[in-house]
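These notes are about the structure you will find just below.
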Amino acid sequence: MRKHIHLLGAAAVLVLATGCASMDDTQRRTATGAGVGALAGAVIGSATGGSAGTGAVLGAGVGALGTYIWSQNMERQKREMEQATQGTGIAVTQTADNQLMLNIPSDISFAVGRSDIQPNFAPVLDRFAEGLRNNP
């Protein structure tokens with residue numbers, strides 16, 4: 001039985017490794033979640049005396065669904081931030097670890113030698129803060 005699990009795991013890694021090149025970020029993260037879920041499900045299934053195969057299938061489904069929902073939420077937040085900062089020179093990027101980062105040029109946020117926010121930057125911060133309040 002363990003031989004089949006190892007063979008199944010190796011095949012899954014091979015498929016994921018070769019298929020990820022053409023995937024977008026959401027698909028890649030969903031596939032990763034499915035793989036991690038399958039591995040965890042197989043381990044838990046074996047450890048509890050159940051079927052490793054059934055555990056792997058259930059774990060893959062839960063991992064894929066959870067990761068997909070999380071990735072869709074992050075994509076929505078990114079779009080909202082991009083809309084809030086459109087035309088301001090602020091860039092919204094998503095990091096490799098699925099966090100959102102704002103790149104704010106210093107010339108639009110503060111005047112040289114001043115600590116107060118530029119008047120045209122305050123509405124951008126307000127919209128950004130609204131997005132953070134809606135997505136803690």
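In Å, what Kirkwood hydrodynamic radius results for segment 24-87 from the alpha-carbon pair distances?
Answer for segment 24-87: a Kirkwood hydrodynamic radius of 12.6 Å.
Whose amide H sits under 5 Å from the amide H of I90, counting only residues 5 or more places off or on another chain, with H placed in the peptide plane?
Those lying under 5 Å, H to H, from I90: there are none.
Given Cβ point charges of +1 (Lys, Arg) and -1 (Asp, Glu) and nothing else, what value in debye, to the nearest 20, does the dipole of segment 24-87 about its Cα centre take?
With only Lys, Arg, Asp and Glu charged at Cβ, the dipole is about 80 debye.
For Q118, what residues show an amide H to amide H distance below 5 Å, using hydrogens built from the backbone and excluding near sequence neighbours?
Hits under the 5 Å cutoff: F110, A111.
How large is ³J(HN,Hα), in whole Hz, for each residue of segment 73-79 in order, when computed from phi with the Karplus curve 6.51 cos²θ - 1.76 cosθ + 1.60 and θ = phi - 60°, using x for Gly and Pro?
5, 5, 5, 5, 4, 4, 4
Counting alpha carbon pairs within less than 8 Å and at least 6 residues apart, what relative contact order, in whole percent, applies to segment 24-87?
35
Rank by packing, highest mean first: peptides 31-44, 97-110, with packing defined as the count of other Cβ atoms within 10 Å averaged across residues.
31-44, 97-110
Report ³J(HN,Hα) in whole Hz for each residue of segment 105-121, in order, from the Karplus equation J = 6.51 cos²θ - 1.76 cosθ + 1.60 where θ = phi - 60°; Gly and Pro get x.
Per-residue couplings from phi come out as x, 5, 6, 9, 9, 9, 7, 4, x, 10, 10, 8, 6, 4, x, 7, 8 Hz.
Values in this text are rule-based calculations from the coordinates and carry no lab data. Keep in mind that what you see is a predicted model, and the values were worked out from it rather than measured. Cβ sites come from the backbone with ideal geometry, for glycine too, and all protein chains shown count toward neighbours.
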